[in-house]
Structures are given as C-alpha cells and as structure tokens.
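Let me begin by presenting the structure, written as structure tokens, before commenting on it.
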Amino acid sequence: MMENLPNMDMYESYSGNLEGTMNIPGQTNVKLGEPDFNTLDEPIKVTIMRDLHAVLTKFKHVLQPKEKKSLLKEWDLWGPLLLCTFMAAILQGSPDYVTDDYHHDGGPEFAEVFVIVWIGALIVTLNSKLLGGNISFFQSVCVLGYCLLPTTIALVVCRFVLLFGNSTFLFCLRFIIAMTGFGWATYASMIFLGDSQPVGRKGLAVYPIFLFYFIISWLVLSHTAQ
C-alpha cells in the first residue's frame, strides 16, 4: 500500500514552483492589485499640477463638447468652485459715493451669486434624479459647474466692452455676447447630460437647465448695463 502513495518530494517541488510574484506585461516589479503610484508619497507640487491639468482638460472639453463622458469619468468640484468664485467677485455690487449720498450699482452681493449658482445646480440635479436620470449627484453638479465657463467668458468680454461706454449699440453688443455664452453653456451641458435622461423626459430635464443658465446670463447682462 505504501508503494502506491505519491512521493512527498513531488509536492514539495510543486509548492516551490508556485511561489513568486505576478508581473504585468510592459511593467516591471509591479504586483497585481497594487496601484501604480502612491499619492501620499508624491510632492505637493506634483499633486497640484495634476489636479490643475485635470481642470484645464475639462475646460477644454466644455469649449469643444465632443467627448460626452469626459466630465463624467472623473468628476471634481475644483473647476466649478473657481468659476463661481470668479463670477461672484466680478458680479458683486460695489458702493459708489455720489455727492455725499450712498449709491449702490444694483449688482448682486458675493454670497448671493454663490447661492444662485450652487442652489440652482442643486435644484437642477434633483430634478434630473427625480426624472430617473442615471447620473450621480456630484457628476451632475460637476457638469453644470464646468459649463459655466462660456458664461464666465461672456462676463469678461462684457466688462471689457463696458469700458468703451454704455451706448445703445454697446448694450446690444453685450446682449449678443451674453446670449451667446448662455446658448453655449446650455448646449454643452446637454451634450454631457443628455444621455443620462430617460427617453421621452429629456424636455423636462432641459427646461431647468435652460432657466439656470438664463438667470446667470441675465445677471451678467444686467450688471454690465449699469
């Protein structure tokens, strides 16, 4: 009976052959399941430059909205925060003293712009979720925030045009610029969010987005009209 049992030396040789590491083709000394790099050990400058590059890449996709999933793959709120802060700083009302009387230029306060942008994005996102959209909350806020870029560009151009005066012709020019930014922002947001809405309900999802960017564009136009 003992002669039929396999030799124990064979098991030891097999177990010895199973030891080792699994290498990925094209990479050296990389174990399966381990990340390629550790962000905890990298310098702060590298982290900042990587995040800045990601933000600039998303801005590029907004200006050229061809890749529909570009803003949804790796969402972040850095871009929306930068755009919202910049617009709030430009749009906020400033006091003007004229003949010892306190005169306000009629622009919104810094906090009011923040509330309009973020509460507006929240309402649009909730509407999208209630309609059955297959997109996460932060993905939607990310897209709506990044698509403020055309409106922000329109604001900068309108402020530049305002330096030349406030005639009827220049007001019409600012109106065209503000509406162009509004249309561009609405179109870009629908490119990224359109496929996330159920068929037959896209119109109900577009209307709040339309109002969201229209209100912000109206703030741009009304402020520069002062």
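The values are calculated or read from the model by the stated rules, or taken from the named source; none is laboratory data. Every value quoted in this text rests on a predicted model; they were computed, and no experiment measured them. With ideal geometry, Cβ positions are generated from the backbone for all residues, glycine too; neighbour counts draw on all protein chains shown. Accessible surface areas use protein heavy atoms only, side chains included; no ligands, DNA or RNA. Shrake-Rupley method; radii C 1.70, N 1.55, O 1.52, S 1.80 Å.
Structural remarks
- Only lysines eight or more places from K73 in sequence, or on another chain, were considered; those with a Cα closer than 19 Å are K58, K60, K129.
- Listed residues M179, M87 arranged by accessible area, highest first, probe 1.4 Å: M179, M87
- Estimated vicinal HN-Hα couplings, Hz - the range 124-140 in sequence order (Karplus 6.51, -1.76, 1.60; Gly, Pro = x): 4, 5, 4, 4, 5, 5, 5, 7, x, x, 9, 9, 6, 4, 6, 4, 5
- Shape class of the range 172-226 from the alpha-carbon gyration tensor: prolate, with a/c at 1.5 or above and a/b greater than b/c.
- Put simply, when 73-82, 186-195 are sorted by average Cβ atoms within 10 angstrom per residue, most first, you get 186-195, 73-82.
- Environment charge at V141 (Cβ cut-off 12 Å; Lys +1, Arg +1, Asp -1, Glu -1): 0
- Each of the peptides 121-130, 51-60 was scored by the mean count of other Cβ atoms within 10 Å over its residues; in descending order, highest first, they stand as 121-130, 51-60.
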